[in-house]
Amino acid sequence: MMKKDWDIMQVCIVVKDLKKYCRNYWEKMGIGPWTLRHFSNETLRDYKVDGKVVDEEFDFYIGLCQVGRTEIEIIQPIKGPNCYWRFLEEKGEGLHHVKAAIKEDEISDVVAMFESNGEPILQTGWCSGDFHAYPDTQADLGMMFEVGVPGEIDVPYELYPPEAVEK
């Protein structure tokens, strides 16, 4: 196992109702505002699930909010193949993953490291300049561990609550 100084940048929960949870975080915890985006065949490229290119329609919604140095992400799957549906079916709503930032030139080595440890990559994809990969670390770590190249995401968004003003 190679030693890696992981830069953990995100914590994510997967839910059935994105706006309900954004509202709860906002009203009960004062965490927000949230940037809400919709992802589909039109916004992701090189999208693979279980190593296979996804040709059928899929979509999911995400909400993002920066809290200190950590980004909180909430994901609601809508349809099509993705690791978020699988999680909801097997575990129900809850903590899905933490995300570590990597550089684009590290993708191959990091993916190979996980695969050599018996942790196949369940899902990958690009959205604008942002890349994600989910090695199957559930059995070893008790949760998923996402590795990703943080980058600009050129997808329209809305703010929650609607009256929020961008910082």
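The values are calculated or read from the model by the stated rules, or taken from the named source; none is laboratory data. All of these numbers come straight from a predicted model, not from anything done at the bench. Neighbour counts are summed over all protein chains in view; Cβ atoms, including those assigned to glycine, are modelled from backbone coordinates with ideal geometry. Side chains included, ligands, DNA and RNA excluded: accessible areas come from the protein's heavy atoms. Shrake-Rupley method; radii C 1.70, N 1.55, O 1.52, S 1.80 Å.
Could you give the nm distance between label points at D140 and D154, where each point is 7 Å from its Cα heading toward the beta carbon?
Result: 3.6 nm between the two label points.
Would you calculate a helix-derived [θ] at 222 nm for the chain, using -39,500 (n - 2.57) for each DSSP H run of n ≥ 4 and dividing by the full residue count, to the nearest 500?
After summing the helix terms and dividing by the residues of the chain, the value is -6000 deg cm²/dmol.
Set Lys and Arg Cβ to +1 and Asp and Glu Cβ to -1, take the dipole of the chain about its Cα centre, and tell me which of I31, M143, S128 lies farthest positive.
Sorting the options by dipole projection puts first I31.
Quick one: in segment 79-141, what % of C-alpha pairs are over 18 Å apart?
40 percent
Note down the nm distance, to one decimal, between modelled labels 7 Å out along Cα→Cβ at K52 and at I107.
It works out to 2.2 nm between the two label points.
Using r as the Cβ-Cβ distance of N24 and E71, and R0 as 25 Å, what FRET efficiency do you calculate, to the nearest 0.05?
Plugging the Cβ-Cβ distance into 1/(1 + (r/R0)^6) gives 0.90.
With the other protein chains left in place, how much accessible area per residue, in square angstrom, belongs to the chain at a 1.4 angstrom probe?
For the chain, the solvent-accessible area averages 55 Å² per residue.
Quick one: what do you get for segment 1-152 if you divide its Cα Rg by 2.2 N^0.38 Å?
The reported ratio for this selection is 1.01.
How many angstrom separate the Cα center of segment 128-167 from the Cα center of segment 32-90?
8 Å
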